[in-house]
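A short write-up of the structure that comes next.
Just so it is clear, none of the values below were taken in a lab; they were calculated from the coordinates. The structure displayed is predicted, hence computed values, not measured ones. Cβ sites come from the backbone with ideal geometry, for glycine too, and all protein chains shown count toward neighbours.
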Amino acid sequence: MCESLSLKHICYSCQELYLTPKIYKRQLSDNIQVISFYKYEEIKDLLHTKHTDLGFHIYNILATKSMKLFTDAFHFDSKIVALSIDDSIKSGYSHTAILAKTLKSQTVKPLFNKLRAKNEISYSGKSREFRLKNPRNFDLKQFKEKDIILVDDIITTGSTLNEAVNILHKADKEVLFCLVLCDVRVI
């Protein structure tokens, strides 16, 4: 960001100056809490790198600054699962899998390849009506764990998270809350 020479893709000074996470909260329609760490406007240029080689490194930095700090500070009484939304690999990696992986701890186990969208339509820049008319149609693969943290990078309308929560509830899973990097509604 400052264009100084650094061995990291974003130097430590810029990480501290521009990427210090805060906690923002929002409710989904099922009374599920969504916790985000950045305002969309603060990191939108970084998020747009997600389907590039650089995005792998940027998402690792963002995940470490936010998600990893969250699990280090928050301890669960029982084992739970971090489930990334549609963690299919694009451009050599999955940005949501990177986020879920950083949540790994003694009580949080990331699961991969369990919740995949059958609909590959991009929601970027689309209206709520478009999103509702074109649901993700998630395919849920079975797993034994019951308590879940849903993980995604951005929440805009909440339709993707709501759809994921609904399919998990139908499978008798308990979504404790959702973690996302940023919320478009936070100003």
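Say the dipole of the stretch 22-183 comes from +1 at the beta carbon of Lys and Arg and -1 at that of Asp and Glu; which of Leu111, Thr52, Leu132 then lies farthest toward its positive end?
Result: Leu111, furthest along the dipole toward the positive end.
If one computes the Cα centroid of the stretch 168-183 and of the stretch 116-155, what distance in Å separates the two points?
The stretch 168-183 and the stretch 116-155 have Cα centres spaced 11 Å from each other.
Can you tell which of Asn113, Asn134, Asn31 shows the greatest fluctuation in a Gaussian network model of the chain with Cα springs below 10 Å?
Asn31
Name the most mobile residue of Gly158, Gly125, Gly92, meaning the one with the largest mean-square fluctuation, in a Gaussian network model of the chain with Cα contacts below 10 Å.
Gly125
Sort Ile35, Ile58 so that the residue with the fewest other Cβ atoms within 10 Å of its own Cβ comes first and the one with the most comes last.
On the way: Ile35 19, Ile58 22.
Ordered from fewest to most neighbouring Cβ atoms within 10 Å, Ile35, Ile58 come out as Ile35, Ile58.
Beyond 29 Å between alpha-carbons counts as too far, so tell me which of Lys8/Lys146; Lys44/Lys114; Lys101/Lys141; Lys22/Lys144; Lys50/Lys141 fall in that bin.
On the way: Lys8/Lys146 38 Å; Lys44/Lys114 27 Å; Lys101/Lys141 18 Å; Lys22/Lys144 33 Å; Lys50/Lys141 25 Å.
From the list (Lys8/Lys146; Lys44/Lys114; Lys101/Lys141; Lys22/Lys144; Lys50/Lys141), the Cα-Cα distance tops 29 Å for Lys8/Lys146; Lys22/Lys144.
What are the trypsin sites (Lys or Arg not before Pro) within the stretch 24-101 that DSSP puts in a loop, where the Cβ has at most 15 other Cβ atoms within 10 Å? Please report the intermediate quantities before stating the final value.
Details: sites: Lys25, Arg26, Lys39, Lys44, Lys50, Lys65, Lys68, Lys79, Lys90, Lys101; in loops: Lys50, Lys79.
Filter output for the stretch 24-101: Lys79.
Along the charge dipole of the stretch 22-183, which of Phe76, Leu99, His169 sits closest to the positive end, that is, farthest toward it, with unit charges on the beta carbon of Lys, Arg, Asp and Glu (+1, +1, -1, -1)?
Of the candidates, His169 comes out farthest on the positive side.
Ranking Val180, Val165 by Cβ neighbours within 10 Å, fewest first, what do you get?
Values: Val180 26, Val165 21.
The most exposed by this proxy come first: Val165, Val180.
Averaging over all projection directions, find the projected area of the Cα convex hull of the stretch 22-183 and quote it in nm² with one decimal place. Show your work: numbers first, answer last.
Working: hull surface 35.4 nm².
So the Cα hull casts an average projection of 8.9 nm².
Rounded to the nearest 20 debye, what is the charge dipole size of the chain about its Cα centre when +1 sits on each Lys and Arg Cβ and -1 on each Asp and Glu Cβ?
Values: 28 positive and 22 negative charges, 74 e Å.
Using only the charged Cβ atoms, the result is roughly 360 debye.
Can you give the net charge of the other residues whose Cβ lies under 13 Å from the Cβ of Ile80, counting K and R as +1 and D and E as -1?
Working: positive: Lys79, Lys104, Lys109, Lys144, Lys146, Lys173; negative: Asp77, Glu145, Asp147, Glu174.
Counting the neighbours of Ile80, the net charge comes to +2.
Counting GluC sites (Glu not before Pro) as exposed when in a DSSP loop with at most 11 other beta carbons within 10 Å, what is the longest stretch of the chain free of them?
Numbers: sites that count: Glu3, Glu120.
Here the longest segment lacking exposed loop sites spans 4-119.
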